[in-house]
Amino acid sequence: MEILRAQAQRPPKIRAALFDFDGTISTLRTGWEAVMRELMLKWLSGGRTPTRALCQEVDGYIDESTGIQTIHQMKWLAAKAHALWPEAPEDPWFYKAEYNQSLMENVARRRDGVASGQLNREDFLISGAEAFLRALKERGVRLMVASGTDHPDVLREVEALGLKDYFDGVYGAPVGEESCSKERVIRQLLREENLPGSQLAVVGDGKVEIALGREAGARTLGMATDEKARRGVSPVKRERLIRAGAEALAGDFTELEALLDFLGL
């Protein structure tokens, strides 16, 4: 674990924690970047061999936009594709449907394999994740998970991994809508439930949730996870999370005592 912003005094005990899901806890969707990259390059190149500059632009955008709702990534694609190739569809939901169809071939196979017991669920969890959730729950912390993935899919994947009972709320992107589940949950905790930002932790591998957490005055734990190894630090994610302003970084949840101490527990 790496502390990036040291506290002058011991922080207050957190009362609630908001987790991102994909890449932070779950690896069921590992590889989504490659699927999105292929889709974007297909439409932006007009079926031609993509240039090096186009590949770099797409790679940069995917890295920069990690954590936002898929539909917003598809809005970027739709606007750019139609500007380059007027015959390309303008509707971002068209591109989202194509992306989901390709992505879910692998995700559904993994999810259903875990749910049926043919695949080990531990093979799709970041190391130490369940022990960390259990430790927080035992200490009376309210746990929520929010994702840019469609809500029904998040529910199915949380349940398949056997994590449903740890969470007081599971929030995904509303189907057919563009509202941000992460922002909504943070707002609900701070305003409707009168929770001070200092007693909220935001845990995730994307800049979106870290930036939202910083804005709310929450403790921000950036998870620079290596999704293939399920432990250790990804240098790419580490740099992204540093830029986003994370207070601390970890590659997995195995340093349990250090993580709990960071959260005032």
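Details
- Restricting attention to segment 112-128, the residues that are over 17 Å from Lys164 (Cα atoms), in a loop (DSSP other than H, G, I, E, B) and open to solvent by less than 60 Å² (accessible area, probe 1.4 Å) add up to 1.
- Scanning segment 181-202 turns up one or more residues that are touching a residue at least 24 places away in the same chain (Cβ under 8 Å), farther than 13 Å from Leu18 by Cβ and not in a loop (DSSP other than H, G, I, E, B).
- Test: Lys228 is within 19 Å of Gly148 (Cα to Cα), open to solvent by 10 Å² or more (accessible area, probe 1.4 Å) and not hydrophobic (A, V, I, L, M, F, W, C): no
- Sole residue being open to solvent by less than 60 Å² (accessible area, probe 1.4 Å), in contact with a strand residue (DSSP E or B) (Cβ under 8 Å, 6 or more places away or on another chain) and not β-branched (Val, Ile, Thr), chosen from Gln69, Gln73: Gln69
- The single residue among Arg231, Arg187 that is over 29 Å from Phe94 (Cβ atoms) and either modelled with pLDDT under 95 or of a type in the set (Asp, Glu) (or both) turns out to be Arg187.
- Any hit, segment 137-152, residues being without any contact (Cβ under 8 Å) to a residue 40 or more places away in the chain, more than 22 Å from Leu260 (Cα to Cα) and open to solvent by 30 Å² or more (accessible area, probe 1.4 Å): yes
- Among the conditions (1) more than 30 Å from Gly197 (Cβ to Cβ); (2) in contact (Cβ under 8 Å) with a residue 24 or more places away in the chain; (3) out of contact with any Phe, Trp or Tyr (no Cβ under 7 Å at 6 or more places or on another chain), the only one that Thr24 does not satisfy is (1).
- Among the conditions (1) farther than 26 Å from Gly251 by Cα; (2) modelled with pLDDT under 95; (3) in contact with a Leu (Cβ under 7 Å, 6 or more places away or on another chain), Ser116 misses just one, which is (3).
- Only residues that are at pLDDT below 95, open to solvent by 50 Å² or more (accessible area, probe 1.4 Å) and of a type outside the set (Lys, Arg) were counted across segment 35-50, and they come to 2.
- Single match in Val158, Val175 (criterion: open to solvent by 60 Å² or more (accessible area, probe 1.4 Å) and either touching a helix residue (DSSP H, G or I) at 6+ places or on another chain (Cβ under 8 Å) or at positive phi (or both)): Val175
- When Leu28, Leu18 are screened for being of a type outside the set (S, T, N, Q), assigned to a strand (DSSP E or B) and closer than 30 Å to Val141 by Cα, only Leu18 passes.
- Condition check for Arg187: open to solvent by 30 Å² or more (accessible area, probe 1.4 Å) and within 16 Å of Ala218 (Cβ to Cβ): yes
- Listed conditions (1) within 24 Å of Tyr61 (Cα to Cα); (2) open to solvent by less than 50 Å² (accessible area, probe 1.4 Å); (3) among the basic types (Lys, Arg) are all met by Lys207, apart from (2).
The values are calculated or read from the model by the stated rules, or taken from the named source; none is laboratory data. Worth saying up front: this structure is predicted, and the values here are computed from it rather than measured. Ideal geometry is used to build each Cβ from the backbone, glycine not excepted, and the neighbour counts take in all protein chains shown. Note: areas computed on protein heavy atoms with side chains; ligands, DNA, RNA excluded. Shrake-Rupley method; radii C 1.70, N 1.55, O 1.52, S 1.80 Å.
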